[in-house]
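A.B. asks: Right, I'll just put the structure down here and ask away after.
The values are calculated or read from the model by the stated rules, or taken from the named source; none is laboratory data. Remember, predicted model here, so these are calculated numbers, not experimental data. Please note: Cβ atoms are built from the backbone with ideal geometry, for glycine as well, and neighbour counts cover all protein chains shown. Keep in mind that these areas ignore ligands, DNA and RNA; they rest on the heavy atoms of the full protein, side chains included. Shrake-Rupley method; radii C 1.70, N 1.55, O 1.52, S 1.80 Å.
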There are 2 protein chains.
Amino acid sequence: MNRIITIGREFGSGGRELGRRLSEELGFAYYDQEIISEIAQRTEMSEQYVQSIVEHQPVFSFPIHIGRSFYPAPTPVFDQSMAVYQEQARIITEMAQKSDCVIVGRCADYILKEHEPFRMFVYADMESKIKRCLEKASEEEEMTDKELKQHILGIDKKRAKYYQFYTGHKWGDKLNFDLCINTSRTIIKEIVPAVAKLFGN
Amino acid sequence: MNRIITIGREFGSGGRELGRRLSEELGFAYYDQEIISEIAQRTEMSEQYVQSIVEHQPVFSFPIHIGRSFYPAPTPVFDQSMAVYQEQARIITEMAQKSDCVIVGRCADYILKEHEPFRMFVYADMESKIKRCLEKASEEEEMTDKELKQHILGIDKKRAKYYQFYTGHKWGDKLNFDLCINTSRTIIKEIVPAVAKLFGN
């Protein structure tokens, strides 16, 4: 069976960098944005639109009143979100069957649970997440620390809701992971060889 | 400055085994029960009595009513608990100053925070903790799985209360650790070389 590493991560924690470096060190395939591209190709939606869907949990419309109970009414947008999730699950399963790989985000730990992936979660304290974001040249660089903090919290709140919706589990709960790495006091490049050694390298 | 590794752990997770093996791999000193022995020697209490004190948070007596507010009344037992904690803190600090070391439990991560130790937390799911306890020849082996579960939960509840009382932090919160290792699907002996590599070995 292929060796599969899934990486959940807080925004700004460097989880993506860790995943990419780890895949290079191990010679494993690396999947991250590739999943979005593949969904876009198969569903004939734009990558940008797929991205916007996978960043949110599905939205219900106003609840329907049947007897004494309320039920959320599925909407076309809701159906589309579910379809994208199902396509995503299919793609991730295909990737896992193809070769050893590292998959970042996208509920891959849950989708592949039958394959018993090695599940990592990467996190950090707010100060170092802000620092890491500021070091990258991106739209965030125009923000103040306070705005950046709100931005980071907002993204992780969406990730938590999305993960909870599709898996029924609390996002970032250490019991759902084999290894949790706090990058606050770490240079990611320097710990990759040690993490790789867990896989016999 | 000496390299210091502190290990917090859930009962039955194998944190002590991991600490011991890691110290052997790295050639670091290892402190666990040694701390209790040293407290006993310095305070002239029996090891058994010290053990019973460090397994509980201090107990307050019935609150004193002063004006409209209630205050807990310190008791001789409370004073003794605090004295033992202070002695423990002194001993742990001395150990950290002596040489590179691995220290298991005893709020060492908090006591040594100025030394910036590498803080690990070892945990596991209940099923594997029960299995690990059953494999050890001890009093627990006479218990049913249900009784053993209660025993494990009881010990960890005490640890959580003790930790919370002295540090003000939630026990096992991943943000207070650099690395959290779930041993549920792991053979401890096999991961030690990878963990040791974090320290340049």
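A.B. asks: Counting only residues that are free of Cβ contacts under 8 Å to residues at least 40 places away in the same chain and among the charged types (D, E, K, R), which one in region A:117-137 is surrounded by the most Cβ atoms within 10 Å (Cβ to Cβ)? Even if it seems obvious, please write down each step before you answer.
C.D. replies: At the first step, the residues of region A:117-137 found to be free of Cβ contacts under 8 Å to residues at least 40 places away in the same chain are A:126, A:131, A:134-137.
Right, trim to among the charged types (D, E, K, R) and you get A:131, A:135-136.
Numbers: A:K131: 15, A:E135: 10, A:K136: 10.
Looking at the filtered set, the residue picked out is A:K131.
A.B. asks: Determine whether region A:121-129 contains at least one residue that is among the basic types (K, R), at pLDDT below 95 and not in a strand (DSSP E or B). Steps first, please.
C.D. replies: Of all residues in region A:121-129, those among the basic types (K, R) come to A:129.
Now restrict to residues that are at pLDDT below 95: none.
No, region A:121-129 contains no residue that is among the basic types (K, R), at pLDDT below 95 and not in a strand (DSSP E or B).
A.B. asks: Sticking with this structure for a sec: For region B:1-59, give me each residue that is open to solvent by 60 Å² or more (accessible area, probe 1.4 Å), touching a Lys or Arg at 6+ places or on another chain (Cβ under 8 Å) and assigned to a loop (DSSP other than H, G, I, E, B).
C.D. replies: Just the residues of region B:1-59 that are open to solvent by 60 Å² or more (accessible area, probe 1.4 Å), to begin with: B:1, B:3, B:16, B:20-21, B:24-25, B:27, B:33-34, B:41-42, B:44, B:46-49, B:55-57, B:59.
If we keep only those that are touching a Lys or Arg at 6+ places or on another chain (Cβ under 8 Å) too, we end up with B:16, B:21, B:55-57.
Answer for region B:1-59, where residues must be open to solvent by 60 Å² or more (accessible area, probe 1.4 Å), touching a Lys or Arg at 6+ places or on another chain (Cβ under 8 Å) and assigned to a loop (DSSP other than H, G, I, E, B): B:E55, B:H56, B:Q57.
A.B. asks: Also, I was wondering about something else. Based on this model, can you work out whether B:G200 counts as open to solvent by 60 Å² or more (accessible area, probe 1.4 Å), without any contact (Cβ under 8 Å) to a residue 12 or more places away in the chain and at positive phi? Break it down into steps so the answer makes sense when it comes.
C.D. replies: Values: open to solvent by 60 Å² or more (accessible area, probe 1.4 Å): yes; without any contact (Cβ under 8 Å) to a residue 12 or more places away in the chain: yes; at positive phi: yes.
In short, yes.
A.B. asks: Sticking with this one: Among (1) over 13 Å from A:I7 (Cβ atoms); (2) more than 9 Å from chain B (Cβ to nearest Cβ); (3) modelled with pLDDT under 95, where does A:R159 come up short?
C.D. replies: (1)
A.B. asks: Also: Taking B:E147, is it over 18 Å from B:F177 (Cα atoms) and either open to solvent by 20 Å² or more (accessible area, probe 1.4 Å) or part of a helix (DSSP H, G or I) (or both)?
C.D. replies: On the way: over 18 Å from B:F177 (Cα atoms): yes; either open to solvent by 20 Å² or more (accessible area, probe 1.4 Å) or part of a helix (DSSP H, G or I) (or both): yes.
Yes: the conditions hold for B:E147.
A.B. asks: Further question on the same structure: If you take the residues of region A:184-201 that are β-branched (V, I, T) and assigned to a helix (DSSP H, G or I), which of them is farthest from the other protein chains (Cβ to nearest Cβ)? Give the steps one after another, and end with the answer.
C.D. replies: The first filter runs over region A:184-201 and keeps only residues β-branched (V, I, T), leaving A:186-188, A:191-192, A:195.
Filter again for assigned to a helix (DSSP H, G or I), leaving A:188, A:191-192, A:195.
Details: A:I188: 12, A:I191: 6, A:V192: 10, A:V195: 7 Å.
Taking the candidates together, the pick is A:I188.
A.B. asks: Which residue is nearest to the other protein chains (Cβ to nearest Cβ), if the candidates are limited to region B:163-177 and must be under 18 Å from B:F11 (Cβ atoms) and assigned to a loop (DSSP other than H, G, I, E, B)?
C.D. replies: Per the criteria, the residue is B:F177.
A.B. asks: Is there any pair linking a residue in region A:16-41 that is closer than 22 Å to A:T183 by Cα to one that is assigned to a loop (DSSP other than H, G, I, E, B) and open to solvent by 70 Å² or more (accessible area, probe 1.4 Å), with Cβ under 7 Å and at least six apart or on different chains, and which?
C.D. replies: From region A:16-41, the pairs are A:E25/A:N201; A:L26/A:N201.
A.B. asks: Within region B:60-87, how many residues turn out to be part of a helix (DSSP H, G or I) and either at pLDDT 90 or above or touching a Ser or Thr at 6+ places or on another chain (Cβ under 8 Å) (or both)? Walk me through it before giving the result.
C.D. replies: Applying the first criterion (part of a helix (DSSP H, G or I)) to region B:60-87 yields B:76-87.
Within this subset, residues satisfying the condition of being either at pLDDT 90 or above or touching a Ser or Thr at 6+ places or on another chain (Cβ under 8 Å) (or both) are B:78, B:83-84, B:87.
Summing the residues that are part of a helix (DSSP H, G or I) and either at pLDDT 90 or above or touching a Ser or Thr at 6+ places or on another chain (Cβ under 8 Å) (or both) in region B:60-87 gives 4.
A.B. asks: Is it the case that B:D156 is free of Cβ contacts under 8 Å to residues at least 40 places away in the same chain, under 18 Å from the mean Cα position of the chain (by Cα) and either within 30 Å of B:L26 (Cα to Cα) or open to solvent by 30 Å² or more (accessible area, probe 1.4 Å) (or both)? Lay out the reasoning, then the answer.
C.D. replies: Numbers: free of Cβ contacts under 8 Å to residues at least 40 places away in the same chain: no; under 18 Å from the mean Cα position of the chain (by Cα): yes; either within 30 Å of B:L26 (Cα to Cα) or open to solvent by 30 Å² or more (accessible area, probe 1.4 Å) (or both): yes.
Here the answer is no, as B:D156 does not meet what is asked.
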